[in-house]
Amino acid sequence: MNKDQLQADSTMNQEQDSDFSKIIDTGLSRRRFMQGGASAMGLFLAANPVAQTVAATTQPKSKLLGFSKIATSTADTFVVPEGYVARPLISWGDPILRGAPAFDESGKQPSSAQAGQFGDNTDGMSFFPLSEDRALLAANNEYTNYKLLFDHKGKAMTADDVKKAQAAHGVSVFEIKRTADGWEYSTESDYNRRITANTEMLLTGPAAGHDLLKTSADTSGKKVLGTFNNCANGETPWGTYLTCEENFNGYFAKPGAEQDKHQKRYGIKDDSKYQWYRFDNRFDVTKEPNEPNRHGWVVEIDPMDPTSTPLKRTALGRFKHENAAVVIADNGHVVVYLGDDERGEHIYKFVSRYKYNPSDKQANRNLLEEGTLFVARFNAEDGDVKGSGEWIELTFGKNGLTKDNGFNSQAEVMIFAREAATVVGATTMDRPEWVAVHPQTKTVCCTLTNNKNRGKRVNQPVGGPNPRTANNYGQIVRWKENNADNTSSTFKWDLFLVAGNPTVHKDFYAGSANINDENMFNSPDGLGFDNDGRLWIMTDGKYSNKGDFSGMGNNQVLAADPDTGEIRRFCTGPIACELTGLAFSPDQRTMFVGVQHPGEKDMPSHFPAGGNSKPRSTIMVIQREDGGIIGA
C-alpha cells in the first residue's frame, strides 16, 4: 500500500471515529430513557457508528431491507416472508456416513447408528464452497434430549446409551449439492464426517502439556477425547471451522465431594443429568479431577480433510464459549472476539502474535496457536448507556495476574480465564452470546441475551451496557475500536437496541425506539452480518406468549439495518424451538438456519414431518422464489 493510500485510510478512520463520537455524545442517559420512554431512546439507538443520529419519529425507510415483515406466530411450522421459500435440508438422525441407517423414531437404535447420523440440536454452522454447486456444511450438535433420544427417556441408562448420547454431540461435516430442486445433502461424499465426544483431539498453545491438563489416560496433557456442548462457531480466512465448547460443565459430576473454587466458578456439580459419569470414568471428577480442564475451549477443525485431528486452541482461553468472530485487522493480525455465555461473565478478544498471509494458506494454520487474550472493561458515567472501554491484557505477571493472586504461569491464566478476568476488573455482562463484525466498518456487535441476576448480585450492578435490573429481554451492545483498528486497546460503545415489550410496559422494559409491537422479541442470541451489512438477529427466548412475553410468539429471526436502526421480522420457527446457526452461500442467495429443540419441555411439536412424528432439530434452507439475494 502506498503512502497516499495510507494517509487516505487514516483520514477515513478519523472521520468514522468522529462520526461515532458525535452519535455517542447525543446519547441520552439511562435516567432520561426511563423518564422519556421508548421514543426518547431512539435518539442514539437508531444510528450506526458512521451515520447521522436518527430520531424515532423521522426514521427513514431502510434501503437494505427489501422484504415484507411477517407477524409473530405460535404455529408448529417455519414461516418466511412472501416471495421466499423454506424447506428442510437435514434433521437429527438422518444418515450422513456411508452405511448408516435411517432415523428410527423408536429410540431403540444403538450408539453405532447415531455415530453415522446427523447429530442432535443443530447450532452454529459454516458453509465451505467446493465449487459453484457443491459445498460442505460444518454444523454443531450442541446437546441431546433424552426424552426423545431413548425409548426409556433416560430413566434406564446403559453404557451403550451413554455412547449413543456422546455420539449425538459434537460436529457434523457433510457435503451438499445444488440440484434442480435446490440444495440437498449427500451420504456418499468422502468429506462427510462425525466428530463426537470420543474423537481424539490435540491441545495446543500455552496450556498444552500443563499438569492441570494431565489425566490417568493422558500423561502428556496434550491428547484429549471429544468435544461437546458445541454452541456457536466461527470460520477462518484460511478455511478452517471453529467450534465453541459452551456448557461443558454439565457433563461432569463430583459425587460425594465438595467442589474446589475453580470447579465452582466453572459450574461443576455433584450430579449430572446426562449420567455419563456413571459409565465413563473421565466424567467423574472424583476419579479424574483434571478432565474438566480439558474442555471449555475453541476447537479448530479442517473440514476439507476428514482425517485431520481437531485442535483445541488454549490461547483463546477457557470458559463457556458462545462463538468466535474472526476478523483480519488492517495491520494483518488475526482478531477473534469471544463471549462467555453465563450471567455475570465477560467479553474477550484474542490478537494473534503473527500476521495473516493471504498467499500462504499453510503458514496461517497456526495463527491461533500464539497471541494475547484480552477482556473488556466498559466505562460509563453514572446512568449512561454509552461510553468508552478498554481491553485489559490477560498475561501472567501483568495486571495483577501473579502468584500472589493465585496464578503461577500463563497456562493457569488461560485455564482459569474467568478468574483472571475478575482479577483485572473486567465488566460483568448480561450473558454475552454471539459476536459479529460489520464487513465494511469493522464495528462490532454482541448480543446480551438476558440476566435475571442483574441488580440482585453484588458483582452484577445495574449500569453501563447492562442498564436494567432483572433483565428479561436482553440488548445488543455495539463498539467501535480506536481508529477502526480491531487490535486497539480502547473503544467507544453504545447500545444498538434494547429488546422489550411495548404492549406490556411503558418504561425502559418496553425496549428502545426501534422496537415496536410489530417487531418485538426477547433474548437476542445468534447474530451475524451478511455481505451487504444487514444484521441478522436470532432469538432463544421465552415463547409462553403470556405475561411479560405476551404477543411475542415463537422464536424468530429478524434483520436490522445498522444505518437506520430499522428492524423487521424475517422468519419464525415452530413450537418451543430456538432459531440459530446462521450461514449463507457465497452468492448470498441461500440462507441456512437451524431449528433447535422443537418441542422441548414436552411441548406439542411434530416439526418437521408433522402428524404424530417425533420433533427433530433441523437445518432449513431459505431462498427467494426469484433467486435473488436474501433480505435485499
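Points worth noting:
- Residue within region 487-507 that is among the basic types (K, R), under 30 Å from P586 (Cβ atoms), in a strand (DSSP E or B) and touching a helix residue (DSSP H, G or I) at 6+ places or on another chain (Cβ under 7 Å) present: no
- Y277, sole failed condition from (1) of a type in the set (F, W, Y); (2) in a helix (DSSP H, G or I); (3) in contact (Cβ under 8 Å) with a residue 60 or more places away in the chain: (3)
- Every condition in (1) at negative phi; (2) buried (at least 24 other Cβ atoms within 10 Å of the Cβ); (3) in a loop (DSSP other than H, G, I, E, B) is met by G296 except one, and the failing one is (1).
- Residues satisfying the stated conditions in region 38-94, i.e. at pLDDT below 80, open to solvent by 20 Å² or more (accessible area, probe 1.4 Å) and within 26 Å of the chain's Cα centre (by Cα): V50
- Among (1) open to solvent by 30 Å² or more (accessible area, probe 1.4 Å); (2) over 26 Å from V595 (Cβ atoms); (3) not basic (K, R), the one test that P467 misses: (1)
- Matching strands (runs of 3 or more DSSP E) fully within region 374-451 where at least 3 residues are open to solvent by 10 Å² or more (accessible area, probe 1.4 Å) and hydroxyl-bearing (S, T, Y): none
- Selection over region 225-266 of residues that are open to solvent by 10 Å² or more (accessible area, probe 1.4 Å), among the small types (G, A, S) and more than 21 Å from K163 (Cα to Cα) gives a count of 3.
- Condition check for G344: within 18 Å of the chain's Cα centre (by Cα) and crowded, with 21+ Cβ neighbours inside 10 Å: no
- I176 meets all of the listed conditions (1) modelled with pLDDT under 95; (2) open to solvent by less than 10 Å² (accessible area, probe 1.4 Å); (3) not small (G, A, S) but one, namely (1).
- Residues (out of contact with any strand residue (DSSP E or B) (no Cβ under 9 Å at 6 or more places or on another chain) and open to solvent by 30 Å² or more (accessible area, probe 1.4 Å)) located in region 589-609: K601, D602, M603, P604, H606
Results for (1) under 19 Å from the mean Cα position of the chain (by Cα); (2) open to solvent by 10 Å² or more (accessible area, probe 1.4 Å), shown as yes or no for each residue.
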site: I537; (1), (2): yes, no
site: K542; (1), (2): yes, yes
site: D548; (1), (2): no, yes
site: N555; (1), (2): yes, no
site: L558; (1), (2): yes, no
site: E566; (1), (2): no, yes
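- Residues of region 508-530 satisfying the condition of being in a loop (DSSP other than H, G, I, E, B) and not hydrophobic (A, V, I, L, M, F, W, C): G511, S512, N514, N516, D517, E518, N519, N522, S523, D530
- Test result for P615, open to solvent by 10 Å² or more (accessible area, probe 1.4 Å) and either over 30 Å from K108 (Cα atoms) or assigned to a loop (DSSP other than H, G, I, E, B) (or both): yes
- Within region 593-605, residues that are over 26 Å from Q623 (Cβ atoms) sit with their Cβ atoms under 9 Å from residues that are of a type in the set (S, T, Y) and open to solvent by 10 Å² or more (accessible area, probe 1.4 Å), at 6+ positions apart or across chains, in these pairs: M603/Y543.
- When residues of region 149-172 are limited to those that are buried (at least 24 other Cβ atoms within 10 Å of the Cβ) and of a type outside the set (G, A, S), the one nearest to the chain's Cα centre (by Cα): V171
- First in region 238-260 and over 22 Å from A135 (Cβ atoms), second anywhere and open to solvent by 30 Å² or more (accessible area, probe 1.4 Å) and not charged (D, E, K, R), Cβ under 6 Å, 6 or more apart: A253/Y277; K254/T286; A257/T286
- Filter result for A208 (in a loop (DSSP other than H, G, I, E, B), of a type in the set (A, V, I, L, M) and surrounded by 15 or more Cβ atoms within 10 Å (Cβ to Cβ)): yes
- Taking each residue of region 611-630 that is more than 12 Å from F78 (Cβ to Cβ) and looking for partners that are exposed (fewer than 15 other Cβ atoms within 10 Å of the Cβ) and of a type in the set (D, E, K, R) with beta-carbon atoms closer than 6 Å, six or more apart or interchain, yields K614/E105.
- The set of residues in region 301-317 being open to solvent by 10 Å² or more (accessible area, probe 1.4 Å) and not in a loop (DSSP other than H, G, I, E, B) consists of L311 alone.
- When D271 is tested against (1) closer than 29 Å to V593 by Cα; (2) open to solvent by 30 Å² or more (accessible area, probe 1.4 Å), just one condition goes unmet, and that condition is (1).
- For region 182-201, the set of residues classified as small (G, A, S) and crowded, with 22+ Cβ neighbours inside 10 Å consists of A197 only.
- Residue within region 580-588 that is open to solvent by less than 10 Å² (accessible area, probe 1.4 Å), part of a strand (DSSP E or B) and out of contact with any Ser or Thr (no Cβ under 7 Å at 6 or more places or on another chain) present: yes
The values are calculated or read from the model by the stated rules, or taken from the named source; none is laboratory data. Just so it is clear, the model here is predicted, and its values are computed rather than measured. When we count neighbours, we look across all protein chains shown, and the Cβ atoms used for this are built from the backbone with ideal geometry, even at glycine. Just the protein is used for accessible areas: all its heavy atoms, side chains included, with ligands, DNA and RNA removed. Shrake-Rupley method; radii C 1.70, N 1.55, O 1.52, S 1.80 Å.
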